[in-house]
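Read the structure below first, then the notes.
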Amino acid sequence: MQTLHTIPDFRRAHAALAGSLGLVPTMGYLHEGHLTLVRRAKEENDHVAVSIFVNPTQFGPAEDLAAYPRDLDRDLALLRKAGVDLVFNPSPAEMYPPGQESMIDTGSVSQPLEGQRRPGHFRGVATVVAKLFNIAQAQRAYFGAKDAQQVRVIQRMARDLDVPTAIIVVPTVREPDGLAMSSRNVYLTPPERIAARCLSRGLRLAEAGYAGGERSADALREVVRQTIAAEPLVTVDYISLADSETLAELEGPLTRAALLSLAVRIGKARLIDNVTLGE
Ligand code: PAF
């Protein structure tokens with residue numbers, strides 16, 4: 001496994017490899033969710049590259065950029081064991097040299113939900129992902145379904161800008177008790193970690209309601225709201241039931257696939273999760 005810190009070094013190392021490349025973009029502090037993306041990329045490509053870059057442009061001024069968990073040595077050991085070929089670990093100055101001004105202006109799918117609560121977040125995500133796509137020139141890139149809106153923003157950006165890399169979406173990986181894996185779970189204290197189970201519990205109850213024939217958007221959102229309201233340590237940021245493609249909020253009876261998603265705060269952590277109803 002080679003670890004490259006500059007764009008020319010990465011390009012040279014990639015050029016020396018024959019065959020297809022799968023790219024797994026990450027911000028590091030890897031967990032089983034990331035390793036699942038790596039395994040999928042290994043199955044479908046001759047070589048796998050993982051980027052580790054905590055992207056400053058996707059954090060708001062009051063967000064957790066400085067505190068974001070980092071452990072490069074541990075990440076590299078996990079990736080070596082997983083059989084990764086290339087790790088791209090640039091500095092912020094390598095990715096955003098002085099004078100860099102161009103940023104990607106994302107469209108309507110980036111406006112609601114996370115986009116509304118985190119102004120500029122998807123502009124930063126789309127910009128860094130487009131740069132990583134251009135640097136890596138991979139045949140395929142792998143993203144987790146937990147970041148449902150991010151996936152849609154990236155798919156739209158790739159389509160609108162004629163990016164040749166195929167976007168592969170991999171199902172959310174969960175802890176045995178249902179909590180979606182996230183690098184930010186490390187912020188949770190033991191009681192908060194127990195309280196956090198209510199996210200997946202609420203989503204599962206809504207899924208069960210949907211499977212049992214419930215189609216009222218309000219009733220499905222309410223199942224999640226009540227489940228989370230029972231946990232005093234958890235504050236709801238939003239609970240949304242939206243068109244799965246456009247992310248426009250749905251009212252009345254559901255007639256097409258819908259994304260049930262939520263964001264909550266628990267102590268220092270802001271966590272998101274989602275399920276799709278009616279796939
Ligand atoms: O999902 C993430 O970890 C990040 O948003 C990504 C896609 C690596 C861009 O910085």
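Values in this text are rule-based calculations from the coordinates and carry no lab data. What you see is a predicted model, and the numbers here were worked out from it, not measured in a lab. Neighbour counts run over all protein chains shown; Cβ positions are idealised from the backbone, glycine included.
Exactly one condition in (1) in contact with a helix residue (DSSP H, G or I) (Cβ under 7 Å, 6 or more places away or on another chain); (2) under 24 Å from SER244 (Cβ atoms); (3) of a type in the set (S, T, N, Q) is not met by GLN111; state its number.
(1)
Quick test of your reading of the structure: LEU277 fulfils all but one of (1) farther than 30 Å from ALA62 by Cα; (2) touching a Phe, Trp or Tyr at 6+ places or on another chain (Cβ under 8 Å); (3) surrounded by fewer than 20 Cβ atoms within 10 Å (Cβ to Cβ). Name the failing condition by number.
(3)
Here is a check on your reading of the model: is ALA62 away from the ligand (no atom under 13 Å from the Cβ), more than 18 Å from ALA136 (Cβ to Cβ), in a loop (DSSP other than H, G, I, E, B) and free of Cβ contacts under 8 Å to residues at least 12 places away in the same chain?
Considered against the rule, which asks whether it is away from the ligand (no atom under 13 Å from the Cβ), more than 18 Å from ALA136 (Cβ to Cβ), in a loop (DSSP other than H, G, I, E, B) and free of Cβ contacts under 8 Å to residues at least 12 places away in the same chain, ALA62 comes out as yes.
Write out, first by first residue and then by second, each pair whose Cβ atoms fall under 8 Å of each other, whose residues are 6+ apart or on separate chains, and whose first residue, in region 134-149, is without any contact (Cβ under 8 Å) to a residue 40 or more places away in the chain while the second is not in a helix (DSSP H, G or I).
No pair meets every condition.
Kindly establish whether GLY212 is surrounded by fewer than 18 Cβ atoms within 10 Å (Cβ to Cβ) and at positive phi.
In short, no.
For region 210-223, what are the residues that are hydrophobic (A, V, I, L, M, F, W, C) and under 14 Å from LEU250 (Cβ atoms)?
Correct list: ALA217, ALA219, LEU220.
Which numbered condition trips up GLY99, out of (1) without any contact (Cβ under 8 Å) to a residue 12 or more places away in the chain; (2) of a type in the set (Gly, Ala, Ser); (3) touching a strand residue (DSSP E or B) at 6+ places or on another chain (Cβ under 9 Å)?
(3)
Considering only residues that are touching a strand residue (DSSP E or B) at 6+ places or on another chain (Cβ under 8 Å) and part of a helix (DSSP H, G or I), look in region 129-143 and name the one that is nearest to the ligand (Cβ to nearest atom).
VAL129
Having 3 or more residues that are small (Gly, Ala, Ser) and more than 16 Å from the ligand (Cβ to nearest atom) is the bar; report the helices (runs of 4 or more DSSP H) wholly within region 174-279 that clear it.
197-211, 217-229
I'd like the full set of residues that are outside any helix (DSSP H, G or I) and either more than 16 Å from the ligand (Cβ to nearest atom) or more than 21 Å from ALA93 (Cα to Cα) (or both), limited to region 25-59.
The answer is LEU30, HIS31, ASN45, ASP46, HIS47, VAL48.
List every residue pair whose Cβ atoms lie under 7 Å apart, where the two residues are 6 or more positions apart in sequence or sit on different chains, the first residue falls within region 6-25 and is in contact (Cβ under 8 Å) with a residue 60 or more places away in the chain, and the second residue, located anywhere, is among the aliphatic types (A, V, I, L, M) and away from the ligand (no atom under 16 Å from the Cβ).
These pairs meet every condition: PHE10/LEU4; ALA13/LEU4; HIS14/LEU21.
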